[in-house]
Amino acid sequence: MLFTSRIKVLTVTQVALAFLTIILLLTSMGGIAVFEIYNLKKDVENIYKHPFTVSNSAREINVHLNAMHRSMKDVVLSKNAQELEDAVVVVDLQEKMAFENFEVIFDRFLGDKSEIQELHKNFVNWKNIRDRVIALARKGKAPEAAEITKSEGAVHVALLEKQTQSLVIFAFAKAAQFNNKAIANEKRALVAVSVLFVISLVVAVYISFWVVRELRKSRSEAARQNNLIDQNILIARLDSNGLISDISNHLARMTGRQKSELINQGAFNILTGDGGQDEVNQILNIARSGKIWSGEHRRIDDQGGIHWLLTKVHPEFDEKFEVISFTVLCQDVSDKKISVTDKLTGLPNRRSFDATIEHEIRLARRDEKYLTLAILDLDYFKKYNDLHGHPKGDYVLSEVSKMLKETMRRPGDYVSRIGGEEFAILFGDHDLAQARKTLELVCTSIENLKIKHGDSVVSKYVTISIGAVVVYGGDIKSVGELYENADQVLYRAKQTRNTVIVQGSKPAAVSSTS
C-alpha cells in the first residue's frame with residue numbers, strides 16, 4: 001500500500017507540473033498582451049489628455065473671444081442703460097469661461113509654456129480695451145466707444161485668434177505623434193502574442209499527449225487501490241437527504257445485504273444497527289450543523305456473530321460552506337468492546353471504569369477540582385426478578401442504563417455497570433450542592449420510567465438508591481478508599497430506599513451530608 005501511494009503522488013506531481021508549465025506560458029502570453037494593451041491605453045489616454053484637451057480648450061477660447069467681441073458691439077449699440085448692463089454681464093461671463101479653459105491648457109499643454117503665457121497676457125490686456133469702451137458707453141459717448149471697438153479692439157481680437165489657432169495646430173501634431181506610437185505598439189503586441197500563442201499551443205499538445213499516457217498508466221493502479229478500499233474499508237457516502245449514494249462492499253456485507261440493495265436506501269442500515277429513522281435524523285441533524293457525529297452500535301452479521309462498530313459521520317461542504325453530503329466511516333471495535341463493555345447494557349464494565357477513575361483522579365488533583373463518585377443500586381431488584389422473571393430484569397437493567405446515559409451526557413460524565421444491579425457514576429467540577437441536584441435528577445428520572453414493580457415497598461415503580469461522595473482532588477488518597485466511602489454512603493441510602501445521600505469529604509468547602 002505504501003508503494004502504490006508513492007506512485008500515485010508522483011503521478012499527481014507530474015501532472016501538476018505539466019499543467020503548471022502550460023499555465024506559465026499562457027500567463028506570459030497574457031502578461032505581454034496586458035502590458036501592450038496598457039501601452040495602447042496609455043497612448044490613447046495621452047491623445048485625449050493632452051492634444052485633444054488642449055485643442056478643444058483653445059477652440060473654446062476662440063468661441064468665447066468671438067462671443068465677447070459680439071457682446072462688445074451690443075454694449076456700443078445699446079439703446080438704454082439696462083441693455084448696456086445686460087451686454088456687460090454677457091462679456092464678463094464669457095471672460096470667466098475663457099479663463100477656465102486657460103487653466104486646462106496650462107495644465108495639459110506639452111509644448112513651450114511661454115506661448116500660453118503670451119496668449120494669456122494678451123487676453124488680460126484686452127480687458128483694458130473693453131473697460132475703456134464700456135466706460136465711454138456708460139457716459140453716452142457711443143461713437144468714441146464704437147471707434148475703439150472697430151479699430152484697436154478688432155486688431156487685438158485678431159491677434160488672440162491667431163495665437164489660439166497656433167495652439168490647435170500644435171495639439172494636432174502631438175496627437176499624430178501619439179497615434180503613430182500607438183500603431184507601432186499594436187504591431188509589436190500582435191507579433192509577441194502570436195509567437196507566444198504558437199509556442200503555448202505546441203507545448204500544450206505535447207503535454208496533453210503525455211498526460212493521457214500517464215493517466216492510462218495510473219488508471220489500473222487507481223482501480224486496484226479502489227478495489228482494496230471497497231473490499232476492506234467500512235465506508236459509505238450519503239446524499240443531503242441521508243440516503244446512501246455509495247457504499248463499500250465490505251460495509252454492505254456487514255449489513256448482510258448486497259451493495260445494489262442499499263443504494264438510495266435510508267442510512268439506518270449502516271448508522272444505528274437496530275435503531276430507526278428518528279435516530280438517523282438526530283445523527284444527521286448534528287452533522288448538518290457542521291459537527292462530526294461519533295457513536296457506537298452493535299450489529300449481528302449473517303453468521304450470528306456480534307460486531308461493535310465505531311461510526312463517524314463527517315459533513316461535506318460546498319463553496320458556500322453548506323452541507324451537501326456526508327461521509328460515513330466505520331471501525332470494527334468488537335475486540336475492544338468485548339473486554340471493557342458490559343454485554344447486556346453496553347455500558348463500560350468495572351474494569352474499564354476503574355481505569356477511568358484513575359485518570360479522572362489525576363486530573364482532579366492537577367486542576368484542584370472536585371470529583372464525585374456515586375454508586376447506584378436498584379431497590380428490591382432480587383424481588384423484582386423473583387416476581388417478574390430474569391428476562392424482565394434484564395429489560396429493567398437495559399432501560400435504566402439508557403436513562404443514565406441520557407441524563408449524564410456531559411463530556412466529563414461517566415456511567416458504568418459495576419455489578420449485578422449496581423451502577424456507578426463519575427463526574428467532576430461539581431461541589432456538593434451541584435452534585436446532589438444532578439443525582440436527584442437521576443433518581444427521579446429512573447422512577448419516571450414508570451416500570452411497574454409489584455413487590456416494592458417504596459414505590460409502585462422501579463426505583464434506585466444513590467450514595468455519593470464529593471471529594472476535593474487533593475484529598476483523594478486512593479481509588480479503593482473512594483469506592484469504600486461511596487459504598488458506605490450507599491449503605492445508608494438503602495436504609496430508606498429511593499433516596500439520594502451525598503457526603504462531602506472536605507468540610508471546609510462543602511457540607512457533610514444530605
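The values are calculated or read from the model by the stated rules, or taken from the named source; none is laboratory data. Because the structure is predicted, anything quoted here is derived from the model rather than measured. Cβ coordinates were reconstructed from backbone atoms using ideal geometry, including for glycine residues, and neighbour counts include every protein chain displayed. The area values use the complete protein model at the heavy-atom level, side chains included, leaving out ligands, DNA and RNA. Shrake-Rupley method; radii C 1.70, N 1.55, O 1.52, S 1.80 Å.
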Extension reserve of the Lys181-Tyr461 stretch, reckoned as 0.36 nm per residue once the Cα distance is removed: 90.8 nm
Packing-based ranking, highest mean first, of 282-289, 412-419 given that Cβ atoms within 10 Å are counted: 412-419, 282-289
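Which peptide among 394-402, 187-195, 263-271, 420-428 comes first, and what is the full order, when sorted by highest mean count of other Cβ atoms within 10 Å?
Numbers: 394-402: 17.1, 187-195: 13.3, 263-271: 19.1, 420-428: 21.0.
Order by mean packing, descending: 420-428, 263-271, 394-402, 187-195.
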Rounded to the nearest 10 Å², the accessible area of His388 at probe 1.4 Å: 70
Projected label distance in nm at Glu399 and Leu201, using a 7 Å step from Cα toward the beta-carbon: 8.2
Stretchable slack from Glu147 to Arg351, in nm (0.36 nm times residue separation minus alpha-carbon distance): 60.8 nm
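Among Lys402/Lys452; Lys343/Lys392; Lys79/Lys127; Lys343/Lys383; Lys259/Lys291, which pairs are too far apart, with a Cα-Cα distance over 20 Å? Walk me through the intermediate numbers first.
Working: Lys402/Lys452 17 Å; Lys343/Lys392 16 Å; Lys79/Lys127 23 Å; Lys343/Lys383 23 Å; Lys259/Lys291 28 Å.
Beyond 20 Å: Lys79/Lys127; Lys343/Lys383; Lys259/Lys291.
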Cα-projected label distance for Asp131 with Asp487, points at 7 Å along beta-carbon direction, nm: 12.0
Equivalent ellipsoid dimensions for the range 323-439 as semi-axes, Å, which come from the Cα gyration tensor, largest first: 26, 23, 15
Partner aspartates and glutamates for Lys121 [C-alpha distance under 20 Å; skip if fewer than 8 residues away on the same chain]: Glu60, Asp92, Glu95, Glu100, Glu103, Asp107, Asp112, Asp131, Glu152, Glu161
Accessible area of Asp377 in the full protein assembly, 1.4 Å probe (Å², nearest 10): 10
Partners for Lys181 among aspartates and glutamates (Cα-Cα distance below 13 Å; same-chain residues under 8 apart left out): Glu36, Asp43, Glu45
Full-extension gain in nm, Ala154 to Asp475, via 0.36 nm per residue minus C-alpha separation: 104.1 nm
